[in-house]
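Accompanying notes for the structure given below.
The values are calculated or read from the model by the stated rules, or taken from the named source; none is laboratory data. Keep in mind that this is a model prediction, so the values were computed, not measured. Cβ placement follows ideal geometry from the backbone for every residue including glycine, while neighbour counts extend to all protein chains displayed.
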Ligand code: SF4
Ligand code: SF4
């Protein structure tokens, strides 16, 4: 199963924030020029024919400024119209202005931002003042009619407050999408903030129960995605499919990487957009071969796992970036994936045998009456 075609554009690696578990550079780092956007357009003409999503990512993509988007968006949308581009952006919202918001609104760019829960928890991991600056940008984005969703990074510290974090998202009506803090490759103490796989697995089960207890009142995106995986037996987000060859990221200087997570690491440069590489050339580059080797490795390393079809060994960045590209294992979050996939499959099986037809549930065990099951959650996802 392949991912839809996805190009991540990283206009800069700079960021004004100082999140404690992040690897972005200082605010003044180089910004992509419009000439590089022109090169992206020329490269993609004839590269692939299927629908593409462009995600502006960072660093902090708003640092590129209104003028960049005023030129880049019509260029990408207009000159690549045969690819029917969709757009998205991942931003901390600090530098959102009414001017940028109106340019983004014209192209219906949904925004993903980051809030780690209540203000004191968010600021304890993302730095003093982060929350207020993000919320100020959120108000500007909302006023312009932009859709904003928040990613919540759970660290080994914030996971202790998971109840308060869930309540925060629920009370504000925010969709919850969680991201586990990864070991930092650029820190002397890489595991200082990282969420251990076992804790991550338990957190997913906790959120599954919360999603079921609050069915119709709050949405936990990861749980929806995981349910879709199990139900359809196919990966539904990049982590659970072979992303190689369908996702590429372009750094500020036009370098092409396998994903935004590798941007800035010279050993992961596949080519440059100004050279208009073909798919074959990209996949024959050293990083391309390392990514393909991961997929082949998963076929043997995970061959006895019942979840291989809709897990595919997890995220290759998590698996091979820390080892410099060598294949020493699958995604270290494997234990978390197994935990939640087992749980979902077990509950689905139990429900299939235990749940009586609708309208005939008089004799249903008390547990089922209290909490809707995974099938009910699946139905609500399908009905959306
Ligand atoms: S490397 Fe990981 S984060 Fe990047 S596209 Fe692949 S699965 Fe997604
Ligand atoms: S759960 Fe673990 S063993 Fe199973 S497919 Fe995923 S990474 Fe491989």
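Scanning the stretch 187-201 for any residue that is under 25 Å from residue 380 (Cβ atoms), part of a helix (DSSP H, G or I), touching a helix residue (DSSP H, G or I) at 6+ places or on another chain (Cβ under 8 Å) and touching a residue at least 40 places away in the same chain (Cβ under 8 Å) turns up at least one such residue. Within the stretch 136-148, the set of residues being in contact (Cβ under 8 Å) with a residue 40 or more places away in the chain and either under 23 Å from the mean Cα position of the chain (by Cα) or part of a helix (DSSP H, G or I) (or both) comprises 136, 137, 138, 140, 141, 143, 145, 146, 148. Do we find a residue being part of a helix (DSSP H, G or I) and under 17 Å from residue 207 (Cβ atoms) anywhere in the stretch 111-128? For the stretch 111-128, residues part of a helix (DSSP H, G or I) and under 17 Å from residue 207 (Cβ atoms): present.
Kindly indicate whether residue 259 is under 15 Å from the mean Cα position of the chain (by Cα) and within 16 Å of ligand 2 (Cβ to nearest atom).
Values: under 15 Å from the mean Cα position of the chain (by Cα): yes; within 16 Å of ligand 2 (Cβ to nearest atom): no.
No; evaluated as a whole, the condition is false for this residue.
Of all residues being within 18 Å of residue 234 (Cβ to Cβ) and buried (at least 21 other Cβ atoms within 10 Å of the Cβ) in the stretch 332-347, which is nearest to ligand 2 (Cβ to nearest atom)? Just the residue, please. Ranking the qualifying residues of the stretch 332-347, first place goes to 337.
Put simply, of 226, 195 the only residue that is within 16 Å of ligand 2 (Cβ to nearest atom) and surrounded by 22 or more Cβ atoms within 10 Å (Cβ to Cβ) is 226.
When only residues in the stretch 163-180 that are part of a helix (DSSP H, G or I) and either touching a helix residue (DSSP H, G or I) at 6+ places or on another chain (Cβ under 6 Å) or without any contact (Cβ under 8 Å) to a residue 12 or more places away in the chain (or both) count, which is nearest to residue 111 (Cα to Cα)? Don't jump to the end; show me each part of the working.
Of the residues in the stretch 163-180, the ones part of a helix (DSSP H, G or I) are 163-172.
Add one more test, that the residue is either touching a helix residue (DSSP H, G or I) at 6+ places or on another chain (Cβ under 6 Å) or without any contact (Cβ under 8 Å) to a residue 12 or more places away in the chain (or both), and what stays is 163, 166-167, 171-172.
Working: 163: 25, 166: 21, 167: 22, 171: 20, 172: 17 Å.
Here the residue is 172.
The single condition from (1) more than 15 Å from ligand 1 (Cβ to nearest atom); (2) modelled with pLDDT of 95 or more that residue 348 fails is (2).
Here residue 285 does not fit the description of being more than 16 Å from ligand 1 (Cβ to nearest atom), at pLDDT 95 or above and more than 20 Å from the chain's Cα centre (by Cα). Does residue 156 satisfy the condition of being in contact (Cβ under 8 Å) with a residue 24 or more places away in the chain, within 17 Å of the chain's Cα centre (by Cα) and not in a strand (DSSP E or B)? In short, no. For residue 127, which of the numbered conditions (1) modelled with pLDDT of 95 or more; (2) over 20 Å from the mean Cα position of the chain (by Cα) fails to hold? Here residue 127 clears every test but (1).
Of all residues in the stretch 90-108, exactly one satisfies the criterion of being in contact with a strand residue (DSSP E or B) (Cβ under 8 Å, 6 or more places away or on another chain) and under 20 Å from residue 38 (Cβ atoms), namely 107.
Do we find a residue being within 29 Å of residue 33 (Cα to Cα), within 16 Å of ligand 2 (Cβ to nearest atom) and either at pLDDT below 95 or touching a helix residue (DSSP H, G or I) at 6+ places or on another chain (Cβ under 6 Å) (or both) anywhere in the stretch 307-319?
First, the residues of the stretch 307-319 that are within 29 Å of residue 33 (Cα to Cα): 317.
Now restrict to residues that are within 16 Å of ligand 2 (Cβ to nearest atom): 317.
Among the residues that remain, those that are also either at pLDDT below 95 or touching a helix residue (DSSP H, G or I) at 6+ places or on another chain (Cβ under 6 Å) (or both) are: 317.
Checked the stretch 307-319: at least one residue is within 29 Å of residue 33 (Cα to Cα), within 16 Å of ligand 2 (Cβ to nearest atom) and either at pLDDT below 95 or touching a helix residue (DSSP H, G or I) at 6+ places or on another chain (Cβ under 6 Å) (or both).
Applying the criterion of being more than 13 Å from ligand 1 (Cβ to nearest atom) and under 13 Å from residue 10 (Cβ atoms) to the residues of the stretch 227-267, the residue that is modelled with the lowest pLDDT is 264.
Does any residue of the stretch 38-50 turn out to be free of Cβ contacts under 8 Å to residues at least 40 places away in the same chain and crowded, with 19+ Cβ neighbours inside 10 Å? Within the stretch 38-50, one or more residues are free of Cβ contacts under 8 Å to residues at least 40 places away in the same chain and crowded, with 19+ Cβ neighbours inside 10 Å.
Scanning the stretch 293-306 for residues that are more than 7 Å from ligand 2 (Cβ to nearest atom) and buried (at least 21 other Cβ atoms within 10 Å of the Cβ) returns a single hit, 294. If the condition is being within 16 Å of ligand 2 (Cβ to nearest atom) and in contact with a helix residue (DSSP H, G or I) (Cβ under 9 Å, 6 or more places away or on another chain), then the stretch 233-256 contributes 233, 234, 235, 236, 237, 239, 240, 241, 242, 243, 244.
The listed residues are 108, 6, and the only one of them that is in a loop (DSSP other than H, G, I, E, B), within 22 Å of the chain's Cα centre (by Cα) and at pLDDT 95 or above turns out to be 108.
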